[in-house]
Amino acid sequence: MNATAPPSLARAARAQWRRWLLWSALLLLLAALLATAMVLARGFQESQARQQLEHETANLVSDIRSGLNRNVQTLQSLHTLGRSPGAWEQFALEVLEQHRELVRLEWRDRSLRTLAQRVSPFYQQNLGPRPRHEVEQDVIAACNGARRTSAPAYAPSYFWPDKDGHGQELMEMCIPMSDGGMSTGYMVATYSLQGVLTELLERGTVRGRGVSLTEVDGTRLALSGGRPRGDSIATQQLLELPGHVMMLRLDSPRSLMGLSPWGLTGLVGALSLMLLGVLALLGYDMRKRLQAERELAEALAFRKAMENSLVTGLRARNMQGQITYVNPAFCELVGLPANALLGKGIPAPYWPPEMVDEYQRRQAVRLAGRTLPREGFESVFMRPDGTRFPVLIIEAALINAQGVQTGWMSAILDLSEQHRVEAISRASQERLQATARLASVGEMASLLSHELNQPLAAIASYASGSLNLIEHPQGHAVDALPDMAQALRRIASQADRAGKVIKSVTDFVRRRENAQDLVREQVRPEALVQAVMPLLTLQARKDNIRLQVDIAPDCPAAVCDRTMVEQVLLNLARNGMQAMPKGMPPEDSGLRVLRVAVWKLPASHADGKVWLHFAVTDHGSGLSDDVAARLFTPFFTTKAEGMGLGLSLCRTVIEQHGGTLVHEAAEHSGTVFRFTLPAAHPTP
Ligand code: ADP
């Protein structure tokens, strides 16, 4: 057994494997594409969010800066209002009450001695027990800077504990005061960094986020809003103040930026699922298409095999008469390859030149839209070597899916073989008829000899009697002469009878010899019967049979081949006589009678034709079932000297005339053979 799979199976398996590989690669690529898209989208979103956040941070820095600048102006105006320490403190309290970011205000003289001071009522209770001088260095540093630049200056922040054990970052700011260009002292303001964040920034901008001030190294100094939990983005900006630099840091949760990781993943996931769904649908669709393609290929292969196996030639032509399709059988039939036929119009390469005109006329009829007979028509085609051959063409209109006729489809059958068989059968039929004729001639010869025996014997005996009279006149009476004359008359009459017998036979035989093909003529039934009568009489006399002929008076003439029908009558009558046992019963019993009857049948309803009915009745032995079954089979005979051709020929002849030949049991005994022949139309 061969263990390897057939090549087509192996090819199919390879194609399947390739398909799977392609699908897997496609899925992998898609997954990679989706992941990349996700990362890129996330990166893009994050950079957008970061930009926005940085912009917001810059806004916050500028808010703080402008808040601080506004405070500087407020503090400068405080100085112009409060000229005495008492009044100053009064105004300072008002300022502190309005600005919660300020913890303390001090008025110092040019050598930084405190002239007046005020602590914010909001911080007073809570400020821890730390002596002020511990931060004097910061105040000095800030005021030195202020003096140098003649502008407000800040000192680095420092931690100041609260009473409750916590604490906060504070920052000193020093504003130089002058009067008429002369330095008059300093205004020192202590800022709470926490306060700066909560008071100088609008609450709305901070909500949900963490805003913190840190050292440049990242150490946190103050925080507002609380650090967001979870995933967040942070941006920071420098907050440069004269004398001190800090960082403002803004922490924003991703969710607040529309950057929820789940949202994006969910979106990409949903997209992926949809993509997979579409892929699955595409896959299903492709499967169905592949299946449809496979089915189509199978149907095509089936059609191809069918066309190739057909022995009938197939040919399609368009409405212009050009050949659009031929099958191998057609190519073989006309002996031309398909490419020599396709696209060829009128005249087609297989039309015999002498037929072109006729075929063109036929084509014109077809193109004019007249339908052709369904049973087809015969035609003649030609092979390239010039041989002509008969074909049967059956045509049908080619209708497309829109119901429009696009051409003609023809099935072409080669009739050469059929014609050959028909010719052979015709020839053998003719031979059979000739043989049958010979047979009946043989029979006639025996009848003739039997019939001639009697007159010849009579002639011989009259002749010998006459001779006797001549040779021995003395032994006879004187009136022997009249006896001789009598004998000679009898001889003459017997010779005449013999001559008639011979003439009747030769007449019959000569007519048959002259008869060539089937010729139709109008013959009266009496004439038909009379023609065979002499021969029938011979046999009837021999077999001691009475012949009875009944022809209805209104019988029209039959349209038939006279010779053939006479032969039929002769055959049937002779068969009937031969079927009657010889010798008995006696002639007068009424049973040794052969009856030939002819009458006219009423006109048929279907076609109005009139038929003549012939019946040949005998009183013979009848037909056994076995004989009846094989009666018309050629060469079937029960007679020692029979040929068995008579009845089969009779039936052929009658059927050639369009009639029928049947038989049935006769009324008392014997058989009736009946046949019909077309009657001539009565002349008006
Ligand atoms: P053949 O006469 O040479 O035998 P036929 O074809 O005429 O050939 O007849 C075939 C056979 O049919 C006869 O041998 C005979 O047995 C039978 N047959 C024909 N006609 C009759 C008839 N009228 N009665 C009985 N038998 C008949």
Among the candidates E169, E215, which residue alone is surrounded by 18 or more Cβ atoms within 10 Å (Cβ to Cβ), among the charged types (D, E, K, R) and at pLDDT 90 or above?
-> E169
Taking strands (runs of 3 or more DSSP E) that fall entirely within the range 56-171, which contain at least 1 residues that are under 60 Å from the mean Cα position of the chain (by Cα) and more than 26 Å from S183 (Cβ to Cβ)?
-> none
Hey, any hits in the range 183-192 for a residue that's surrounded by fewer than 20 Cβ atoms within 10 Å (Cβ to Cβ) and among the hydrophobic types (A, V, I, L, M, F, W, C)?
-> no
In this structure, does R420 turn out to be more than 25 Å from M306 (Cβ to Cβ), of a type in the set (D, E, K, R) and touching a residue at least 24 places away in the same chain (Cβ under 8 Å)?
-> no
Those residues of the range 636-657 that are of a type outside the set (A, V, I, L, M) and within 57 Å of the chain's Cα centre (by Cα) come to a total of 7
How do the pairs read when you match residues in the range 605-632 that are among the acidic types (D, E) with residues anywhere that are within 8 Å of the ligand (Cβ to nearest atom), using Cβ under 8 Å and keeping only pairs 6 or more apart or on different chains?
-> D618/N575; D618/G576; D618/A579; D618/G670; D618/T671
Look at the range 184-236 and say how many of its residues are among the charged types (D, E, K, R) and assigned to a helix (DSSP H, G or I).
-> 2
Number of positions in the range 637-680 that are more than 7 Å from the ligand (Cβ to nearest atom), part of a strand (DSSP E or B) and within 12 Å of L572 (Cα to Cα) | 6
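The rows are residues; the columns are (1) open to solvent by 50 Å² or more (accessible area, probe 1.4 Å); (2) at pLDDT 95 or above; (3) more than 14 Å from the ligand (Cβ to nearest atom).
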| residue | (1), (2), (3) |
| --- | --- |
| V523 | no, no, yes |
| A531 | no, no, yes |
| K542 | yes, no, yes |
| A552 | no, no, yes |
| T563 | no, no, yes |
| Q567 | no, no, no |
| G590 | no, no, yes |
| V598 | no, yes, yes |
| G608 | no, no, yes |
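Take the range 95-140 and flag every residue that is among the aromatic types (F, W, Y) and modelled with pLDDT under 90.
Of all residues in the range 95-140, those among the aromatic types (F, W, Y) come to 107, 122-123.
Of everything in the range 95-140, those that are among the aromatic types (F, W, Y) and modelled with pLDDT under 90 turn out to be F122, Y123.
Matching residues to (1) at pLDDT 85 or above; (2) over 23 Å from S428 (Cβ atoms); (3) in contact with a Lys or Arg (Cβ under 7 Å, 6 or more places away or on another chain); (4) open to solvent by less than 40 Å² (accessible area, probe 1.4 Å):
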residue	(1), (2), (3), (4)
F635	no, no, no, no
M643	no, no, no, no
S648	no, no, no, yes
R651	yes, no, no, no
E655	yes, no, no, no
G659	yes, no, no, yes
A665	yes, yes, no, no
T671	yes, yes, no, yes
P678	yes, yes, yes, yes
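Taking into account only those residues within the range 610-632 that are open to solvent by 70 Å² or more (accessible area, probe 1.4 Å) and over 22 Å from K582 (Cα atoms), which is nearest to the ligand (Cβ to nearest atom)? Walk me through it before giving the result.
Here is the first cut: in the range 610-632, the ones open to solvent by 70 Å² or more (accessible area, probe 1.4 Å) are 621, 625-626, 629-630.
Subset that is over 22 Å from K582 (Cα atoms): 625-626, 629-630.
Working: D625: 12, D626: 10, A629: 11, R630: 8 Å.
So, considering only residues that are open to solvent by 70 Å² or more (accessible area, probe 1.4 Å) and over 22 Å from K582 (Cα atoms), the one nearest to the ligand (Cβ to nearest atom) is R630.
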Residue tally, condition crowded, with 16+ Cβ neighbours inside 10 Å and polar (S, T, N, Q), over the range 278-317 = 1
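Just to verify a result, which residue in the range 193-212, among those that are small (G, A, S) and open to solvent by less than 10 Å² (accessible area, probe 1.4 Å), is nearest to R227 (Cα to Cα)? Explain how you work it out, then say what you get.
In the first step, residues of the range 193-212 are kept if they are small (G, A, S); the result is 195, 204, 208, 210, 212.
The next check asks that each one be open to solvent by less than 10 Å² (accessible area, probe 1.4 Å); those that pass are 195, 210, 212.
On the way: G195: 17, G210: 5, S212: 9 Å.
Looking at the filtered set, the residue picked out is G210.
One line per residue, one yes/no per condition, for (1) out of contact with any Asp or Glu (no Cβ under 7 Å at 6 or more places or on another chain); (2) at pLDDT 75 or above; (3) under 22 Å from T537 (Cα atoms); (4) open to solvent by 60 Å² or more (accessible area, probe 1.4 Å):
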position: A463; (1), (2), (3), (4): yes, yes, no, no
position: N468; (1), (2), (3), (4): yes, yes, no, yes
position: E471; (1), (2), (3), (4): yes, yes, no, yes
position: G475; (1), (2), (3), (4): yes, no, no, yes
position: V478; (1), (2), (3), (4): yes, no, no, yes
position: A485; (1), (2), (3), (4): yes, yes, no, no
position: A498; (1), (2), (3), (4): yes, yes, yes, no
position: K503; (1), (2), (3), (4): yes, yes, yes, yes
position: T506; (1), (2), (3), (4): yes, no, yes, no
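For every residue, the table says whether it meets (1) touching a residue at least 12 places away in the same chain (Cβ under 8 Å); (2) open to solvent by 40 Å² or more (accessible area, probe 1.4 Å); (3) assigned to a helix (DSSP H, G or I); (4) within 20 Å of N308 (Cβ to Cβ).
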| residue | (1), (2), (3), (4) |
| --- | --- |
| F330 | yes, no, yes, yes |
| L333 | yes, no, yes, yes |
| L336 | yes, no, no, yes |
| K344 | yes, yes, no, no |
| W351 | yes, no, no, no |
| D357 | no, yes, yes, no |
| Q360 | yes, yes, yes, no |
| V365 | no, yes, yes, no |
| E395 | yes, no, no, no |
When every residue in the range 49-60 that is surrounded by fewer than 19 Cβ atoms within 10 Å (Cβ to Cβ) and in contact (Cβ under 8 Å) with a residue 60 or more places away in the chain is compared, the one farthest from P152 (Cα to Cα) is A49
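The values are calculated or read from the model by the stated rules, or taken from the named source; none is laboratory data. As the structure is a prediction and not an experimental result, all values here were calculated from the model. No Cβ is skipped: glycine too gets one built from the backbone with ideal geometry, and neighbour counts run over all protein chains shown. These area figures cover heavy atoms from the full protein model, side chains too; ligands, DNA and RNA do not enter into them. Shrake-Rupley method; radii C 1.70, N 1.55, O 1.52, S 1.80 Å.
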